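What follows is calculated from the coordinates using simple rules that are stated; it is not laboratory data. These numbers come from a predicted model, not from an experiment. In this analysis, Cβ positions are derived from the backbone assuming ideal geometry, glycine residues included, and neighbour counts consider all displayed protein chains.
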């Protein structure tokens, strides 16, 4: 969802990639996440699950910012080439929440999307105004508390 949000909100200002833990990647995007994105008016074409090995290799394109979205996976992150800025915006996986009904899961996914959208809008705005990586790093990390 984060990839779709930032692609649409940030336009050409960002090259956006999203990825997850190798060996835990689904074959296709989560249908509940796709439904939430469609409800929010976000484009979903071209979204595919990817593991981070293709982005963490030395020869990969360097990243400026890496934002982890699940605290449980943060410790598993690889060493990213060129040591980009990192932040944690914790959205624990809905798969870990036992007993959620389908409608509760749908509602929670839309709530997550609204929160991500708010953070992405701030990120886009900051990117236009902030002059240094240090300022941006602090602001991105502070957004975890929104």
_Three-way shape label, segment 1-64, alpha-carbon gyration tensor, a/c 1.5_ = oblate
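With 10 angstrom as the radius, rank 31, 60 by how many other C-beta atoms surround their C-beta, starting from the fewest.
Ranked by crowding around the Cβ, least crowded first: 31, 60.
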*asked:* Tell me the angle of helix 102-129 to the major Cα principal axis of the chain, expressed in degrees between 0 and 90 and rounded to the nearest ten.
replied: 20
*asked:* Looking at segment 2-145, I'd like the Rg to Rh ratio, where Rg is from alpha-carbon atoms and Rh is Kirkwood's inverse mean 1/r.
replied: 0.94
*With each run of n ≥ 4 DSSP H residues scored as -39500 (n - 2.57), what mean residue ellipticity at 222 nm is computed for the chain after dividing by its residue count and rounding to the nearest 500 deg cm²/dmol?*
-13000 deg cm²/dmol
